[in-house]
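The values are calculated or read from the model by the stated rules, or taken from the named source; none is laboratory data. Please read all numbers here as calculations on a predicted model, not as lab measurements. Don't worry about glycine lacking a Cβ; one is built from the backbone with ideal geometry, like all the others, and counts go over all protein chains shown. Only protein heavy atoms, including side chains, enter the accessible area calculation; ligands, DNA and RNA are left aside. Shrake-Rupley method; radii C 1.70, N 1.55, O 1.52, S 1.80 Å.
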Amino acid sequence: MSVPAPRTETAPPPPDRPAAEGRPARGLVAGAATALLVAVVFGWAQGLAGPGGHELGYWALAIGLLVGAALGKAGGRAPALAPLGTLLALLGVLLAQLLAAATHMNEATSDAMGHPPGVLATLVHHFGAVVDYWRHEMLGRNDIAFYTVAAAEGYLVAKRVAE
């Protein structure tokens, strides 16, 4: 006669967790760092190209895409990150254009020794002049469309990457 094996109780498997839980602080830091980095790179490149080399549409699309991807990837499913993608993308495009204006103004000015003062010094010490140059020489009628594209990309990409 055979004795049946003792029955052992096993715990039910844990419920599936979503692939990306919300990490809003991490997403915010990643999005802000990405906005700053791409604004510096694109602003410097646009500033070296000069006022005739406006490629704001491409810069805006790239900034919105990269900021949204960083927010969504690092932040996961945090519902507040998609609207923050809009704000960070807009700030990234604005900072890129201001840095481009400062870079271009820096190339056109020099100190008593003949050396340009530096882009950061131009931006900080002559911020009003940089904004005036940006408004009068760089900002065009179609730029509102490019800012809208950047905002939409930041929102949509952050939302899609987090899913």
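Things worth noting here:
- Using θ = phi - 60° in the Karplus curve 6.51 cos²θ - 1.76 cosθ + 1.60, the 3J(HN,Hα) couplings for segment 78-94 round to 8, x, 7, 6, 5, x, 5, x, 4, 5, 5, 5, 4, 5, x, 5, 4 Hz; x is entered for Gly and Pro.
- Within the full protein context, the accessible area of residue 44 is estimated at about 140 Å² for a probe radius of 1.4 Å.
- Per-residue ³J(HN,Hα) for segment 27-34, Karplus 6.51 cos²θ - 1.76 cosθ + 1.60, θ = phi - 60°, Hz, x for Gly and Pro: x, 5, 5, 5, x, 5, 5, 5
- Potential lengthening of the chain between residue 33 and residue 137 amounts to 34.6 nm, from the contour at 0.36 nm per residue minus the alpha-carbon distance.
- Descending by average beta-carbon neighbour count within 10 Å, the peptides 26-36, 83-93, 69-79 line up as 83-93, 69-79, 26-36, the highest first.
- 14 Å beta-carbon shell around residue 98, net charge (K/R +1, D/E -1): -2
- Three-way shape label, segment 80-152, alpha-carbon gyration tensor, a/c 1.5: prolate
- In order along segment 148-163, the phi-based Karplus estimate (6.51 cos²θ - 1.76 cosθ + 1.60, θ = phi - 60°) of 3J(HN,Hα) comes to 5, 4, 4, 5, 5, 4, x, 5, 5, 5, 4, 5, 6, 5, 6, 6 Hz; Gly and Pro are listed as x.
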